[in-house]
């Protein structure tokens, strides 16, 4: 797992979610979907929620699901 993916994982574990804007702004992480794919392949329960911002622009919000 790449160091940037580990950073994204820690963020998800603490905050519960992340968006591409957060990843780029806070962690300088480009192409968040590839980091999320890597984490999913490692077995982490992450789901994608499609959202719209105030202007109507669609974006993905990645959510760490809790074990039931």
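Observations on the structure shown:
- Considering residues of the stretch 1-48 that are assigned to a loop (DSSP other than H, G, I, E, B) and free of Cβ contacts under 8 Å to residues at least 24 places away in the same chain only, the residue farthest from residue 62 (Cα to Cα): 28
- Among residues of the stretch 28-58, those that are surrounded by 11 or more Cβ atoms within 10 Å (Cβ to Cβ), modelled with pLDDT under 95 and either farther than 15 Å from residue 2 by Cβ or touching a helix residue (DSSP H, G or I) at 6+ places or on another chain (Cβ under 8 Å) (or both), counted: 2
The values are calculated or read from the model by the stated rules, or taken from the named source; none is laboratory data. Because the structure is predicted, anything quoted here is derived from the model rather than measured. Note: ideal-geometry Cβ built from the backbone for every residue, glycine included; neighbour counts use all protein chains shown.
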